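**Student:** I am attaching a structure below and will ask some questions about it afterwards.
The values are calculated or read from the model by the stated rules, or taken from the named source; none is laboratory data. Nothing here was measured: the structure is a model prediction, and the numbers come from that model. So basically every Cβ, Gly included, is an ideal-geometry build from the backbone, and we count neighbours across all protein chains shown.
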């Protein structure tokens, strides 16, 4: 029964048995309507090309690309050549990208047309010359930037694709941490394959051939949550939203393509909701939405259910987990629960997928009670959980005895529902007690007057730190002061949890992954208010 | 990301997160209402006991048992001790069981009370002394047959269960072939774990925590089709039908326990259907039935859908595949198909699960066209497909270049739907052409007057072989002759396919796995009709 686990099996399978199933790729030039047979042919050509450039297994091949059919061919073709697909977050600063390419030792870069200038700038800061290929779709090719389409057309496809030992490296992704040594996570063929199977289970995303899948999460993030692999494995249809996907475009694609499963961060689903309302779009009655990467407000879950009959299932993952570790489905005995009771399930981070072990531990590494109240740092391990960083050793703050220390503070209940209380670094220390910024944010965002809310710590002479709310009000909501805004929080939280003050903003800063950027927010608040501890 | 794949993870997971979920075991003494927490505790005690008897990893521990909670504890506890769970088909003859125990080198046997006499008889024919333990449930223990319950109560549970390298042997099952060298299939922890994940996918059995699973297939057959492992992995409820499960008992358990997923052979579902009708039982609206192990008549599929709203999904497997390889779900673009068109899908053997490769090949080993018409021998390979038999080498008629030769003749279409035409040895050779006994049987069983039908070859002086129909009529159907019975076949098949004659019988002989026993039927027909080629 020697048979290596690899996503290469998935693309061969998709091309062979699901060859006619649609792979739709939205682009600036219009809609590309392809198929899994076409993706397999592209992957076979990519594999030939990459093997000619990098005959040494394990060489890194970088992409700077949106969710397109060309990027999809690279997802399967690069690992099948024995090389490592190194997806680069296009939203990082040039200096960060240079550091990551340098750290990874990457010598080949395939980039969408809009990122060629960026790569040219980055190239001056890396020590090795870069082979550069443009992923077409608009700009003309040049000697410096030959055309991907022309190159793949010029080679014969590798048929069948070679299969590598399952422990071989297949992918590399750096976490979005912007300080310190770059932290790269290397994915094996095996980890990718097992992860795709696990997320496709009914208590994961529940994917089958009958689904049409839209990854609203970028393909430059952690395998696009495994959806390209899972869609190929199951033979599902795939809809790729293309360059710079706006919430308007995603909303219209959901409707136009009859999408039945979509996944992305909560802020995307907030924006998509507005567009669904504005344009009165109809959706497939089978559409389910998976929301992860940040806490999902229960008001958002309610709005989708009540207005569109769409169930949002929340989940949790990290780049270090390939990236999905949990999904939050209700259990068999909850069918008679009230909506209020169920809200606590639907907005949990979830229960661990099969093969993922999760526990909350205290400072000594001892598991805390699984009672849903005791808090500890969340630790995870499993066959698709990183046990070290690429060429970065295993720093004690990141790994302990084979467990990944997530940096999240969480409770775990007796059924395995994990609820994040906060990031260890986002907790607010007030008078020797802890205040959860996440719980305050969720409560503020449940207010119908509030569009977005983030809570950060500001230094305080007596209490050490105090919470400050940064709030974006909805259009048409008049002026408010803190006491009016915080009134709904009274009674829900201890008095000393109520934020010290509020700053109203036009928009909250976001990270390259679309989450509220609390680091930037803290810096901005300290600068603007002049009460920072950074000496200003 | 070093993390071994094993069903041991599933039982630890089930006990930890799904500890309260019911595991119901029907017995002669009544209904045992247990839980996954209880099964985990039992498995931990079994593990301690087995490790004390067999400190050498890989030792075989045999069971002769029905589907009970004690057998379930052994399913998880024996492999966790590093030993191999050797499930023995209780329906075999003593001499066959002796040969199998001898071949496997098994020295410990745990048996249900009704099989202790059988084991005592068998013991005289094996060369090693046997350690014997009775699985309680009625008969008193003795010095020769100490009590399982007392033994497990006497040891401390192993907590946590040890995890073995994933390629270690965990299970052993002999195919029901009754001649030649015994053919044992050894299952690794890895194969069992991957198989459980794959069958739980939406396009497999589609199992989740919300399910209540009833394995109507015995636990002494090929891991009970993986259902005990899959139920533990997903945290589903489990209903075990206990000793000598009648179709009446299965029908009442489906209703009483609110079963949502059940799996077994078609003959079981034929009998259950009668009882459902007779007792007017109500079923869970979520119940799906998986039917495999033999071809499922489309009339049976129609009856369940029309009378009970229950969808039967067909599938295909072999002991050599752990055992499931395929399931037959309709595709996304078949929603507008007519019932007649869909019948061809619902009664196909299915399409391969992820990681299972399947092809039909001609005599030279070349794949035949995937057009749904070209026939060839079905070959399969994958991470849970045997590549050799236990201590039996790899005979050329069983394996070729890493592929398992199934002995089934099949067509494969462009979407991967595999349809068995026949066993290579059940095909009827008539006038240089081939007649499929299976297709004739299915057509005969679609006749509302017919209860059971099998078609076998009888020697013919001119045409070499001709088909003979052996038919059981439904109660109340008057006398019929061949021309009346075969009238519905005219036009559906070539004239020369129409059976030569019919024999009406009170019941068809069955194999130990509940399938029509064509070997016995052929021998009986030849003897009775005196037209055999065996010299009679």
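**Student:** I'd like to know if region B:82-93 contains one or more residues that are within 14 Å of residue B:152 (Cβ to Cβ), in contact with a strand residue (DSSP E or B) (Cβ under 9 Å, 6 or more places away or on another chain) and away from every other protein chain (no Cβ under 14 Å).
**Tutor:** No, that holds for no residue.
**Student:** Among the candidates B:456, B:450, B:438, B:421, which residue alone is in contact with a helix residue (DSSP H, G or I) (Cβ under 8 Å, 6 or more places away or on another chain), surrounded by fewer than 22 Cβ atoms within 10 Å (Cβ to Cβ) and more than 14 Å from chain A (Cβ to nearest Cβ)?
**Tutor:** B:421
**Student:** Also, quick follow-up: Since residue B:190 meets every condition but one in (1) touching a helix residue (DSSP H, G or I) at 6+ places or on another chain (Cβ under 9 Å); (2) under 23 Å from residue B:320 (Cα atoms); (3) in contact (Cβ under 8 Å) with a residue 60 or more places away in the chain, which condition does it not meet?
**Tutor:** Looking at each condition in turn, residue B:190 falls short on (1).
**Student:** Name the single residue, out of those in region B:254-288 being crowded, with 22+ Cβ neighbours inside 10 Å and in a strand (DSSP E or B), that is farthest from the chain's Cα centre (by Cα).
**Tutor:** The extreme case among them is B:261.
**Student:** Can you tell which of B:185, B:217 is closer than 25 Å to residue B:517 by Cα, within 13 Å of chain A (Cβ to nearest Cβ) and under 18 Å from the mean Cα position of the chain (by Cα)?
**Tutor:** Criteria check complete, one pass: B:185.
**Student:** Looking at region B:91-104, I want the residues that are at negative phi and buried (at least 20 other Cβ atoms within 10 Å of the Cβ) and have a partner that is part of a helix (DSSP H, G or I) and modelled with pLDDT of 90 or more with Cβ atoms under 6 Å, at least 6 apart or on another chain. Which pairs are those?
**Tutor:** Correct list of pairs: B:97/B:122.
**Student:** If you scan region B:144-157, which residues turn out to be surrounded by fewer than 17 Cβ atoms within 10 Å (Cβ to Cβ) and farther than 15 Å from residue B:111 by Cα?
**Tutor:** Those that are surrounded by fewer than 17 Cβ atoms within 10 Å (Cβ to Cβ) and farther than 15 Å from residue B:111 by Cα: B:153, B:154, B:155, B:156.
**Student:** Which of (1) touching a strand residue (DSSP E or B) at 6+ places or on another chain (Cβ under 8 Å); (2) within 14 Å of chain A (Cβ to nearest Cβ) is the odd one out, the single condition residue B:201 does not satisfy?
**Tutor:** (1)
**Student:** In addition: Across region A:380-399, what is the number of residues that are away from chain B (no Cβ under 14 Å) and surrounded by 15 or more Cβ atoms within 10 Å (Cβ to Cβ)? Explain how you work it out, then say what you get.
**Tutor:** Narrowing region A:380-399 to residues away from chain B (no Cβ under 14 Å): A:391-393, A:395-398.
The next check asks that each one be surrounded by 15 or more Cβ atoms within 10 Å (Cβ to Cβ); those that pass are A:392, A:398.
Counting residues in region A:380-399 that are away from chain B (no Cβ under 14 Å) and surrounded by 15 or more Cβ atoms within 10 Å (Cβ to Cβ) gives 2.
**Student:** I need the strands (runs of 3 or more DSSP E) fully contained in region A:365-450, keeping only those with at least 1 residues that are at pLDDT 90 or above, over 24 Å from the mean Cα position of the chain (by Cα) and closer than 24 Å to residue A:185 by Cα. Let's see the steps before the verdict.
**Tutor:** Values: elements: A:375-381, A:403-412, A:418-423, A:428-430, A:433-435.
Passing ranges: none, list empty.
Condition check ((1) within 14 Å of chain A (Cβ to nearest Cβ); (2) at pLDDT below 95; (3) surrounded by fewer than 24 Cβ atoms within 10 Å (Cβ to Cβ); (4) at positive phi) across all residues:
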{"position": "B:211", "(1), (2), (3), (4)": "yes, no, no, no"}
{"position": "B:227", "(1), (2), (3), (4)": "no, no, no, no"}
{"position": "B:231", "(1), (2), (3), (4)": "yes, no, no, no"}
{"position": "B:239", "(1), (2), (3), (4)": "yes, no, no, no"}
{"position": "B:248", "(1), (2), (3), (4)": "no, no, yes, no"}
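**Student:** Here's another thing I want to ask about it. Are there any pairs, at least 6 apart or on different chains, whose C-beta atoms fall under 6 Å, with the first in region B:513-524 and on the phi > 0 side of the Ramachandran plot and the second modelled with pLDDT of 85 or more, and if so, which?
**Tutor:** B:514/B:265; B:514/B:267
**Student:** A further question follows. How many residues, within region A:163-182, are more than 20 Å from the chain's Cα centre (by Cα), modelled with pLDDT of 95 or more and more than 10 Å from chain B (Cβ to nearest Cβ)?
**Tutor:** Counting residues in region A:163-182 that are more than 20 Å from the chain's Cα centre (by Cα), modelled with pLDDT of 95 or more and more than 10 Å from chain B (Cβ to nearest Cβ) gives 4.
**Student:** Please enumerate the residues belonging to region B:2-13 that are facing chain A (nearest Cβ under 8 Å) and crowded, with 22+ Cβ neighbours inside 10 Å.
**Tutor:** Result: B:5, B:9, B:10, B:13.
**Student:** Residues in region A:227-253 that are assigned to a helix (DSSP H, G or I) and in contact with a strand residue (DSSP E or B) (Cβ under 6 Å, 6 or more places away or on another chain): how many?
**Tutor:** 3
**Student:** Shifting gears a bit: Considering only residues that are away from chain A (no Cβ under 12 Å), more than 26 Å from the chain's Cα centre (by Cα) and either surrounded by 21 or more Cβ atoms within 10 Å (Cβ to Cβ) or under 23 Å from residue A:328 (Cβ atoms) (or both), which ones fall in region B:30-44?
**Tutor:** B:44
**Student:** If you go through region B:14-29 one residue at a time, do you hit one that is within 14 Å of chain A (Cβ to nearest Cβ) and within 19 Å of residue B:81 (Cβ to Cβ)?
**Tutor:** The answer is yes, given that some residue of region B:14-29 is within 14 Å of chain A (Cβ to nearest Cβ) and within 19 Å of residue B:81 (Cβ to Cβ).
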